[in-house]
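Submitted below is the structure of interest, expressed as structure tokens.
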Amino acid sequence: MKIVSGMRPTGKLHLGHYLGVIKNWLDYQNSNECMFFVADWHALTNKYTDTKELQQNIIELVKDWFACGIDPNKSTVFVQSAVKEHSELALLLGMITPKSWLELNPSYKDLKFNLFFQYVRDFIYGKGLKISEDVIRDIVHKAFYHKKDIDFEGLEEDLLKIGLDSENIKEIIFNIKDGEIGKEIDTFGFFGYPVLMAADILIYKAEGVPVGEDQLPHIEITRELARRFNRFYGEVFLEPKAILTQTPKILGIDGRKMSKSYNNAIYLSESKEEVSKKVMSMKTDPQRIKKTDPGRPEICNVFTYHNIFTDRGVVSQIDSKCRQAQIGCVECKKILAESLNSFLEPIREKRENISDSQVKDILLEGNRKAREKAVKTMEEVRKAMNLWQE
Ligand code: TRP
């Protein structure tokens, strides 16, 4: 099967990325024709003011891929912006994309929600108030997903309840109403995100696109665009299928979703010491206060990690010992730090042995291979659409 998938260069990869994305890519590359690319143009859709780190982020991302075993001899690894044909196709697909398809796209609303939430959270923390992030998120969520419009009255009421004074609340609401918050994604580029993504996929006539659940609406738009194009101009594109894979969900060290912004992630490139330190600080079963209290592995985040990274036999021993209060959390975590480090060691080692210039050389070749395919499709596209030919 022809597979295309991309990732935005937003920083170093953590265990969540490994289990959720990279592990699948590794499986696919052995028996499929895979194209993996850095979606650097997509990174610009919401982060366009500061581009200083863009180039280095691309290199670091690809280093992480190679360190994990993505093999440029098996898969084509390239950079989106190096294959300009993506942008030509995006422009042409834009011509046939009804605005309503983009307006209805749920990820647009979700991103906006996140920006509102972050604003309110930072405002509250800026005032020195100690309110849990989850509480703030719930409040903003309730108001934001109210009906068509934000429920400002409800927001005001809830913020009063958690101890904000009305002056502060007024300021928050004023800034949101003013359109200042979330303005950064009110751009043509962000709005057209799914069209660019459709171009990335259709230009290689991909059959399968491994993505996370959050990306499904984009694949749906991609399929609809393929059908629409073919209906107007003749059969050029294939309708790709989303490949949703079952992946073990891994939480951050604090028990929330693993994410850079929560500062709770374990990175693939992290040192042995850093990994151990993070593991030792992980939250465990809150009801297990003393070592003599029996634990409940089924609700313990450390145990979830064991299930993924520790040998089966050891896992079942930990399971029963924890339930019988025969092993303490410290000892249990030490074992986990060891398993994690033996998983990460070869990745770390490989990463250290890849230089920036090696990455660039490999990308040069990958870009060339990708371009060759993209150019061919674009010739078909221009012909089908009766565009100017020299
Ligand atoms: N939107 C994807 C993400 O943020 C990245 C991406 C861009 C992508 N183009 C793609 C993924 C094409 C698969 C296929 O994760």
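The values are calculated or read from the model by the stated rules, or taken from the named source; none is laboratory data. These numbers were taken from a predicted model, which means no experiment stands behind them. Here the Cβ is made from the backbone with ideal geometry for all residues, glycine too, and neighbour counts use every protein chain on show.
How many residues, within segment 26-58, are among the aromatic types (Phe, Trp, Tyr) and touching a strand residue (DSSP E or B) at 6+ places or on another chain (Cβ under 6 Å)?
The number of residues fulfilling the criteria is 3.
Please verify whether TYR28 is over 21 Å from ARG348 (Cβ atoms), more than 14 Å from the ligand (Cβ to nearest atom) and of a type in the set (Phe, Trp, Tyr), treating the condition exactly as stated.
no
Considering only residues that are more than 16 Å from the ligand (Cβ to nearest atom) and surrounded by 12 or more Cβ atoms within 10 Å (Cβ to Cβ), which ones fall in segment 172-186?
If the condition is that a residue be more than 16 Å from the ligand (Cβ to nearest atom) and surrounded by 12 or more Cβ atoms within 10 Å (Cβ to Cβ), then ILE172, ILE173, ASN175, ILE176, ILE181, GLY182, GLU184 are the ones that fit.
If you scan segment 132-158, which residues turn out to be more than 27 Å from the chain's Cα centre (by Cα) and touching a residue at least 24 places away in the same chain (Cβ under 8 Å)?
Scanning segment 132-158 gives a single hit, PHE152.
Now a separate question. Out of the residues in segment 277-294 that are part of a helix (DSSP H, G or I) and in contact (Cβ under 8 Å) with a residue 24 or more places away in the chain, which is surrounded by the fewest Cβ atoms within 10 Å (Cβ to Cβ)?
Here the answer is MET280.
So which of GLU207, GLU157, GLU213 ends up being within 16 Å of the ligand (Cβ to nearest atom) and out of contact with any Lys or Arg (no Cβ under 9 Å at 6 or more places or on another chain)?
Just one listed residue meets the conditions, GLU213.
Just to be sure, is GLY212 in contact (Cβ under 8 Å) with a residue 60 or more places away in the chain and under 23 Å from the mean Cα position of the chain (by Cα)?
Yes.
Quickly run through segment 337-387 and pick out the residues that are surrounded by 14 or more Cβ atoms within 10 Å (Cβ to Cβ), of a type in the set (Ser, Thr, Tyr) and not assigned by TED's automatic domain parsing to the domain that holds LEU91.
Listed by number, the list holds a single entry, SER339.
Inspect segment 206-214 for any residue being at positive phi and assigned to a loop (DSSP other than H, G, I, E, B) and give the result as yes or no.
No, segment 206-214 contains no residue that is at positive phi and assigned to a loop (DSSP other than H, G, I, E, B).
Return the residues of segment 250-264 that are part of a loop (DSSP other than H, G, I, E, B) and within 13 Å of the chain's Cα centre (by Cα); say none if nothing qualifies.
Correct list: MET258, SER259.
Go through segment 225-260 and give me each residue that's of a type in the set (Val, Ile, Thr), crowded, with 19+ Cβ neighbours inside 10 Å and within 12 Å of the ligand (Cβ to nearest atom).
Scanning segment 225-260 gives no hits.
Counting only residues that are of a type in the set (A, V, I, L, M) and touching a residue at least 12 places away in the same chain (Cβ under 8 Å), which one in segment 95-124 is surrounded by the fewest Cβ atoms within 10 Å (Cβ to Cβ)?
ILE96
So, one more: Among (1) hydroxyl-bearing (Ser, Thr, Tyr); (2) within 15 Å of the ligand (Cβ to nearest atom); (3) over 30 Å from LYS84 (Cα atoms), where does THR222 come up short?
If we test THR222 against (1) hydroxyl-bearing (Ser, Thr, Tyr); (2) within 15 Å of the ligand (Cβ to nearest atom); (3) over 30 Å from LYS84 (Cα atoms), just (3) comes out false.
Here are some residues: TRP65, TRP41. Which one is outside the structural domain of HIS306 (by TED's automatic domain parsing) and closer than 16 Å to GLY366 by Cβ?
Of the residues listed, the single one that is outside the structural domain of HIS306 (by TED's automatic domain parsing) and closer than 16 Å to GLY366 by Cβ is TRP65.
Can we say GLU274 is outside any helix (DSSP H, G or I), of a type outside the set (Gly, Ala, Ser), more than 15 Å from the chain's Cα centre (by Cα) and within 17 Å of TYR18 (Cβ to Cβ)?
no
For the condition away from the ligand (no atom under 13 Å from the Cβ) and crowded, with 22+ Cβ neighbours inside 10 Å, what is the one hit in VAL4, VAL77, VAL83, VAL38?
VAL77
Quick one: how many residues across segment 134-160 are outside any loop (DSSP other than H, G, I, E, B) and loosely packed, with under 15 Cβ neighbours inside 10 Å?
9
Could you list, in sequence order, all residues of segment 187-220 that are within 15 Å of LEU92 (Cβ to Cβ) and among the β-branched types (Val, Ile, Thr)?
VAL195, ILE201, ILE203 - these are the residues of segment 187-220 that are within 15 Å of LEU92 (Cβ to Cβ) and among the β-branched types (Val, Ile, Thr).
Anything in segment 243-280 that is out of contact with any helix residue (DSSP H, G or I) (no Cβ under 9 Å at 6 or more places or on another chain) and of a type in the set (Gly, Ala, Ser)? List them, or say none.
Result: no residue meets the conditions.
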